[in-house]
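S.K.: Here it is: the structure, laid out below.
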Amino acid sequence: MPIYNNKSTKEVIIEILSKEWPLSARKIYYTITKSHNLSISYQATHKALKELLQQNTIIKNQNGYQLHADWINKMNEFGQRVKKDYENNSGETKTVQKLVFKTPIDFIKFHFGFLEKLIETEGKVDFVFFCRHVISSPPLAVSGDDYKKLKKIMSKCNWTIVSNSSTPFDNWAANYWKKLGVKVKLGFETPTNGMMVINNDYVFDIRMSKKSRDEWDHLVNSKAKDFDINSMTEVLLSEKSKMIVFITKDKELADTLREY
């Protein structure tokens, strides 16, 4: 029987639905609390289900909840490509995957999972995030369980954020990250006009539409007293802010980009 003590409620739900589906909210709650002897309220279970629906990880129909086919395919394709890349590593540059995420928060959740797997295989992660503006997603749009997961991940990462802007918002967000032990550099040249993430030898090139980018720029360029946190959260959750991510494994490229 799986051990769930160190997993979030959503991770437990995903594992349960990977074995039996569709299931009602009551059945899922019963399985969590009775079959696995975990202490959790029905309200907390329902909240986790709602968040998984919003993230397009699960779907709900008249028979109950089940995993979203698109999410299953995305995880399977990515896992197969990473496995193949490791098995056939010849030192050559390889584009591992092109992934499309309906919302920025979908990408953030995926990236958490990627970092967890990378930590499992490589122990530590040298993480660099290049951006136009510092993103302050943890206080804005992730759940309590995901925030705990992030802090656990960060304990295994050498984490750096480099922004080519230094607006009042950038400084506000930078102070938040610095409290978590992250090194933040503002007003520096970056190798992209958008966003790019380096995870050890993996390079994530993140693309958004010009309209979405301009919308975010407008929000973060406002004066500190005019920050609209609700609007920022809406952008992170909006399907209008679709992200296209190209993931490449290339040690030479990753090392070169870190020199910025």
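The values are calculated or read from the model by the stated rules, or taken from the named source; none is laboratory data. All of these numbers come straight from a predicted model, not from anything done at the bench. Because the Cβ atoms are built from the backbone with ideal geometry, glycine has one as well, and the counts that use them run over all protein chains shown.
S.K.: Examine region 237-244 for a residue that is at pLDDT 90 or above, closer than 25 Å to residue 155 by Cα and either surrounded by 13 or more Cβ atoms within 10 Å (Cβ to Cβ) or not assigned by TED's automatic domain parsing to the domain that holds residue 154 (or both), and state whether such a residue exists. Before the answer, list the steps.
M.R.: Keep residues of region 237-244 that are at pLDDT 90 or above, which gives 244.
From what's left, closer than 25 Å to residue 155 by Cα: none.
The answer is no, given that none of the residues of region 237-244 is at pLDDT 90 or above, closer than 25 Å to residue 155 by Cα and either surrounded by 13 or more Cβ atoms within 10 Å (Cβ to Cβ) or not assigned by TED's automatic domain parsing to the domain that holds residue 154 (or both).
S.K.: Hey, another quick one. Anything in region 33-43 that is at pLDDT 90 or above and surrounded by 14 or more Cβ atoms within 10 Å (Cβ to Cβ)? List them, or say none. Before the answer, list the steps.
M.R.: At the first step, the residues of region 33-43 found to be at pLDDT 90 or above are 41-43.
Within region 33-43, just 42 meets the criteria.
Yes/no per residue for (1) surrounded by 14 or more Cβ atoms within 10 Å (Cβ to Cβ); (2) touching a strand residue (DSSP E or B) at 6+ places or on another chain (Cβ under 9 Å); (3) assigned to a loop (DSSP other than H, G, I, E, B):
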site: 110; (1), (2), (3): yes, yes, no
site: 116; (1), (2), (3): yes, no, no
site: 119; (1), (2), (3): yes, yes, no
site: 170; (1), (2), (3): yes, yes, no
site: 178; (1), (2), (3): no, yes, no
site: 197; (1), (2), (3): yes, yes, no
site: 203; (1), (2), (3): yes, yes, no
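S.K.: Is there a residue being outside any helix (DSSP H, G or I) and modelled with pLDDT of 75 or more anywhere in region 69-89?
M.R.: Step one: of region 69-89, the residues outside any helix (DSSP H, G or I) are 88-89.
Narrowing the set further to residues that are modelled with pLDDT of 75 or more leaves none.
No - not one qualifying residue is present in region 69-89.
S.K.: From the residues in region 183-195 that are without any contact (Cβ under 8 Å) to a residue 40 or more places away in the chain and assigned to a strand (DSSP E or B), which one is surrounded by the fewest Cβ atoms within 10 Å (Cβ to Cβ)? It would help to see each step written out before you state the result.
M.R.: Quick first cut of region 183-195, residues without any contact (Cβ under 8 Å) to a residue 40 or more places away in the chain only: 183, 185, 187.
Within this subset, residues satisfying the condition of being assigned to a strand (DSSP E or B) are 183, 185.
Working: 183: 13, 185: 17.
Result: 183.
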